[in-house]
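The values are calculated or read from the model by the stated rules, or taken from the named source; none is laboratory data. Computed from a predicted model, the values in this text were never measured in an experiment. Here the Cβ positions follow ideal geometry from the backbone for every residue, glycine too, while neighbour counts run over all protein chains shown.
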Amino acid sequence: MAELSAEAGLITPNLTEAALLLGEDYRNVPTSQAGMEQWLSRLSLEGKRSVVITGVSFAPKTIGAGCFDHSRGRIHFAMARQEAASFYGTGDLFAAVLLGGFLLTNLSLGQPSVSSYLAPFMLEENLRLVGQYLAGFFCIIGHLFPLYFGFRGGKGVLTTLGMMLILDWKVALLSLLMFIIVVLFSRMVSLGSICAAATMAVLTYVFRMFVYKQDASTVIFCTCMAVLIAAILIIKHIPNIKRIAKGTESKLSFGKK
């Protein structure tokens, strides 16, 4: 992990990961702002990269993140009230949103040719949409290819459904309807997932282009993201596709034994 992160310009470890990167005991993390500032400084490789440590807490019932901003050479802390519950996947979501914002900021400050090419996506009304798609995409990638599980994961279709319910609930519900219909007739969840993914990509173009009548740059971006996500989901189902072709894919049983 240390070798991989050494090449990164931005890292987002939690407290345990930060301790491992620094060679410290993960059971003895800093509980003071001064101690956490030292960790941020060390992880930044003497100011050469930006660092965000999540799960930081200096007082009971508070939690937040500590950040070293490489571009300004400053350390910031963002704290909030800690909820008495566990929310799996929030770390992935946080990292995805952070990366989306990081990419948008750096691309908008890039070379004139790059900025001119990306100008339609940098408009205020499109920034949120771009950020949402990027955040959702990296959430899906994080679930399908988790680093700490040898890049072997799942729940990509379910994560995509959650993303689309936020981005375009009409497309999400119609894709879900396709899933239900296919599963009811074929009794194969995998086939339903594949058809739902393809439906999501097609309907994204149809709704953006003909229903919402959005500008060309928005239609192209949303459609490309939908096609990319659908392609990844279908590729992940290649073993299922082979079993479907051979007639050996497992099926649901709706009747009584």
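Answer yes or no as to whether GLY150 is surrounded by fewer than 19 Cβ atoms within 10 Å (Cβ to Cβ) and touching a Lys or Arg at 6+ places or on another chain (Cβ under 9 Å). So that I can check it myself, show each step before the final result.
Numbers: surrounded by fewer than 19 Cβ atoms within 10 Å (Cβ to Cβ): yes; touching a Lys or Arg at 6+ places or on another chain (Cβ under 9 Å): no.
Taking the combined requirement at face value, the residue does not satisfy it.
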Discussion item. Checking the condition more than 29 Å from ALA95 (Cβ to Cβ) and among the aromatic types (Phe, Trp, Tyr), which residue from PHE149, PHE210, PHE179 passes?
Written reply: PHE210
Worksheet item: Has the range 47-69 got at least one residue that is polar (S, T, N, Q) and at pLDDT below 85?
Response: no
Worksheet entry | Single unsatisfied condition, LEU109 versus (1) within 25 Å of SER50 (Cβ to Cβ); (2) modelled with pLDDT of 75 or more | (2)
Worksheet, complete the sentence: Note: among SER175, SER193, just one is touching a Gly at 6+ places or on another chain (Cβ under 9 Å), at pLDDT 95 or above and closer than 12 Å to LEU233 by Cβ, namely SER193
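Could you go through the range 166-182 and let me know if any residue there is basic (Lys, Arg) and buried (at least 18 other Cβ atoms within 10 Å of the Cβ).
So in the range 166-182, the residues basic (Lys, Arg) come out as 170.
Filter again for buried (at least 18 other Cβ atoms within 10 Å of the Cβ), leaving none.
Within the range 166-182, none of the residues are basic (Lys, Arg) and buried (at least 18 other Cβ atoms within 10 Å of the Cβ).
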Fill in: Residues (aromatic (Phe, Trp, Tyr) and under 12 Å from LYS170 (Cβ atoms)) located in the range 198-219
PHE207, TYR212
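So, of the residues in the range 47-70 that are more than 24 Å from the chain's Cα centre (by Cα) and of a type in the set (Gly, Ala, Ser), which turns out to be surrounded by the fewest Cβ atoms within 10 Å (Cβ to Cβ)? Working first, answer last.
Restricting attention to the range 47-70, the residues satisfying the condition of being more than 24 Å from the chain's Cα centre (by Cα) are 47-48, 57-62.
Then drop every residue that is not of a type in the set (Gly, Ala, Ser), which leaves 47, 57, 59.
On the way: GLY47: 11, SER57: 16, ALA59: 9.
This residue is ALA59.
Tally the residues that are among the small types (Gly, Ala, Ser) and under 18 Å from ILE180 (Cα atoms), restricting the search to the range 199-257. Please lay out each step first, then the result.
Pass one, the range 199-257, residues among the small types (Gly, Ala, Ser): 201, 216-217, 226, 230-231, 245, 247, 250, 253, 255.
Keeping just the survivors that are under 18 Å from ILE180 (Cα atoms) gives 201, 230, 250, 253, 255.
Here the count works out to 5.
Listed here are the residues, each with its yes/no results for (1) surrounded by fewer than 18 Cβ atoms within 10 Å (Cβ to Cβ); (2) under 22 Å from the mean Cα position of the chain (by Cα); (3) in contact (Cβ under 8 Å) with a residue 24 or more places away in the chain.
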| position | (1), (2), (3) |
| --- | --- |
| THR199 | no, yes, yes |
| LEU203 | no, yes, yes |
| PHE210 | yes, no, no |
| VAL219 | no, yes, no |
| ALA226 | no, yes, yes |
| LEU252 | yes, no, yes |
Practice prompt. Looking only at the range 176-197, decide whether some residue is over 29 Å from LEU252 (Cβ atoms), free of Cβ contacts under 8 Å to residues at least 12 places away in the same chain and not in a loop (DSSP other than H, G, I, E, B).
Written response: no
Worksheet item: Any chance the range 32-42 includes a residue that's surrounded by fewer than 15 Cβ atoms within 10 Å (Cβ to Cβ), at pLDDT below 90 and not aromatic (Phe, Trp, Tyr)?
Response: no
Discussion item. If I filter the range 226-235 for residues that are touching a Lys or Arg at 6+ places or on another chain (Cβ under 6 Å) and more than 16 Å from LEU158 (Cα to Cα), do I get at least one hit?
Written reply: no
